[in-house]
Amino acid sequence: MSTNLSNLNRVIAAAGKRVPADLVIANGRILNVFTGGWMRGDIAVTDGMIVGIGEYEGRETVDAEGRVVVPGFIDGHVHIESTMLLPSEFAKVSLRHGVTTVVTDPHEIANVAGEDGIRYLLGDAEEVPLDLFVMLPSCVPATPTENNGANLTADKLSPFLSDPRVLGLAEVMDFPSVANASPGMLAKLDAVRSAGGHIDGHAAGIGREDLNIYRAADIRTDHEAVNAQEALDRLELGMYLMVREGTVAKDLKALLPVITERNSRRCLFVTDDVLLDDLIELGSIDHAVRLAIAEGLDPIIAVQMATLNAAECFGLRRLGAVAPGYQADFLLLDDLNDVSIHRVYKKGRCVFEQRPESESNSAPHTGSALPGPRSSHSIRLPDLNAKPVTAADLAIPLRGDSRECHIIEVVPGSLITGRSVQTVDAEDGFFAASTERDLLKMAVVERHRATGNVGAAIVQGFGLKRGAIATTVAHDSHNIVAVGVSDRDILAAIDHVVALNGGLVVIEDGELIASLPLPVAGLMSNRSYAEVYEELKILNRSLLRLGASEDFNLFLMLSFLTLTVIPELKLTDQGLFEFSSGSYIDVALA
């Protein structure tokens, strides 16, 4: 008898009560995500599947003691690299928050290391105790206007489509290529459609009429709605609405007014990008559910969005419900409204249990530890033996007697930046930073192809009074990005990032005061989540020494100021980019 037939025989025998189930969860209040009602009964599990709900005997019986039972949460769109953890460590933290399945886009590591980066993440995730599905990066590079580390064409992506963990094509952010029917983009869309895969959208700043183009191209989801009207546009045109609540982009409160009992089944939660400290302290999809309930959303609808809706969106027909024939992924909650997690079960195995503070709450884990792609040379500069950047590279010349310049304005809680034109301070005909006006210098240094490119611009909103910060996490091309109050500190920050071979650094008066090495492609640590978390706390404390704003995470915000597919002004290694015109503009006005 084949393995599949043997398994089928066992689950049918257990469902029919001819043999005891492997596990029975008794005395729980089961939330039925199909009907929106409640059930009572034993949950019988065999071979990691739920085989029945009723009265069952099991080889092992767990008394739920009246707790609420809900399906395991599903994150419909996340970039694991943004946590700065490998998948094997990311899984440990996610399970603690009831997330038993994630759909990830390895867009970040692919922009640095191409196919090797995708294979690396898939390899590290092979043994993790959660389901990790991949949507293939659609835009590597994100746009043709900057330099990254790889170019993934349709022929390079297609071999991955045979992996059962690969579900389709991730956020298509190059709208012009779709609208203009670019042959390269069409080849990717066609390959995924032919394989029966799903295609995610990225419709930042795209109006309702242009959404028709996305839908005609079979792009079915979007996570870039930032207001109620944009959310309604997506729902009315037949898209799944991904409600994003991450570290920088916090769109949940703005989108909730659109969600009703009639349309909620087309809505799901995603985190997109979340830093490790937020993941540990606030949570993941559990945080979104908790916040949505607190904002007035029906708790049953919130759970549906976090479970069945996400599963159906991606065709994960065995996931998202506590019912016979579904994988035994479920949570025992002490309280539904607070989403207070008592236990997490994955394929019928308890992978996390909340215990007293004096006891360990760690989840079991069997992930591998692999060497990172290009971990030994993730930074390539023209001459590593010389200073990679000089003060001359950072200079922003003014024009004639005019001191008016374009300013990138940080918007806390959003990936979108504001823009303004302001009269700046000058020194010898060049821009001079002003901590009083919070006008600081920002720089991007190309690190993949040794071009020597350095872009410089002016940013407002970081609040630094001293020093500088720099990182190799800079969406989506992941060049070196830095911001600071003086050229001296910015140069020191860049030097230290290069010396680390990638990571995050904080500089004060030219000296390094905190750092976090990221040896895996300059994006991720190869250490435990607990170690990375401790270093992040040190980094955050050091930022306060510099007088940084506490309204947002400075490093994550900085990493998105290079993302040219989000409005409005962004900086790349080639200069200041204007989203609305799709072109580079001068910092200084004539």
Whole number please: convex hull volume per residue of the Cα set in segment 493-590, in Å³?
149 Å³
Neighbourhood net charge (14 Å Cβ-Cβ; Lys/Arg +1, Asp/Glu -1) for Glu511
-1
I'd like the projected area of segment 113-170, averaged over all directions, using the convex hull of its alpha carbons. Report it in nm² with one decimal.
4.1 nm²
Specify the angular offset, from 0 to 90 degrees and rounded to the nearest 10, of the alpha carbon long axis of helix 183-194 from the longest principal axis of the alpha carbons in the chain.
10 degrees
Hey, how much of the P(r) for segment 72-316 falls beyond 27 Å, as a percent of Cα pairs?
30 percent
Quantify how much of the Cα-Cα distance distribution of segment 412-463 extends past 18 Å, in percent.
46 percent
Approximate spin-label separation Asp338-Ser528, in nm, with each point projected 7 Å along Cα-to-Cβ:
2.8 nm
Potential lengthening between Asn151 and Glu209 on full extension [0.36 nm per residue; Cα-Cα distance subtracted]:
17.9 nm
Note to self, the chain gives a 222 nm [θ] from helices alone (DSSP H runs n ≥ 4, -39500 (n - 2.57) apiece, / all residues, nearest 500) of -7500 deg cm²/dmol
Please find the FRET efficiency linking Glu65 to Asp218, where r is the Cβ-Cβ separation and R0 is fixed at 30 Å, and quote it to the nearest 0.05.
0.05
Put +1 on the Cβ of each Lys and Arg and -1 on the Cβ of each Asp and Glu in the chain; which of Ile507, Ser486, Asn540 then has its Cα farthest toward the positive end of the dipole?
Asn540
Where GluC sites (Glu not before Pro) fall in DSSP loop in segment 463-555, at most 16 other Cβ within 10 Å
Glu550
Relative counts (whole %) of C-alpha pair distances in segment 391-585, using bins that are 5 Å wide:
1, 8, 17, 22, 22, 16, 8, 3, 1, 0, 0
Charges only on Cβ, +1 for Lys and Arg, -1 for Asp and Glu: so what's the dipole of the chain about the Cα centre, in debye to the nearest 20?
1380 debye
If one compares the long axis through the Cα atoms of helix 3-15 with the longest principal axis of the Cα atoms of the chain, the angle in degrees, nearest 10, works out at 60 degrees
Between 0 and 90°, nearest 10: helix 87-96 axis offset from the chain longest Cα axis
60 degrees
Rounded to the nearest 5, what is the percent of antiparallel bridges among the DSSP beta bridges in the chain?
70 percent
Among Pro388, Met557, Tyr214, pick out the residue whose Cα is farthest towards the positive end of the charge dipole of the chain, where Lys and Arg carry +1 and Asp and Glu carry -1 on C-beta, about the Cα centre.
Tyr214
Give the Kirkwood hydrodynamic radius (Å, one decimal) of segment 469-512, defined as one over the mean of 1/r across all pairs of different Cα atoms.
10.0 Å
Computed about the Cα centre, the charge dipole of segment 448-504 from +1 Lys/Arg and -1 Asp/Glu charges at the Cβ has a magnitude in debye, to the nearest 20, of 100 debye
Potential lengthening between Ala395 and Arg18 on full extension [0.36 nm per residue; Cα-Cα distance subtracted]:
127.9 nm
By what distance, in whole Å, do the Cα atoms of segment 176-231 stretch along each of the three principal axes, largest value first?
34, 22, 13
Spacing of the two label points (7 Å from each Cα toward its C-beta) at Lys253 and Ser162, in nm:
5.0 nm
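We did not get these values from a lab; they are worked out from the coordinates using the rules stated. Worth saying up front: this structure is predicted, and the values here are computed from it rather than measured. A quick note on method: Cβ atoms are made from the backbone with ideal geometry, for glycine too, and the neighbour counts reach across all protein chains shown.
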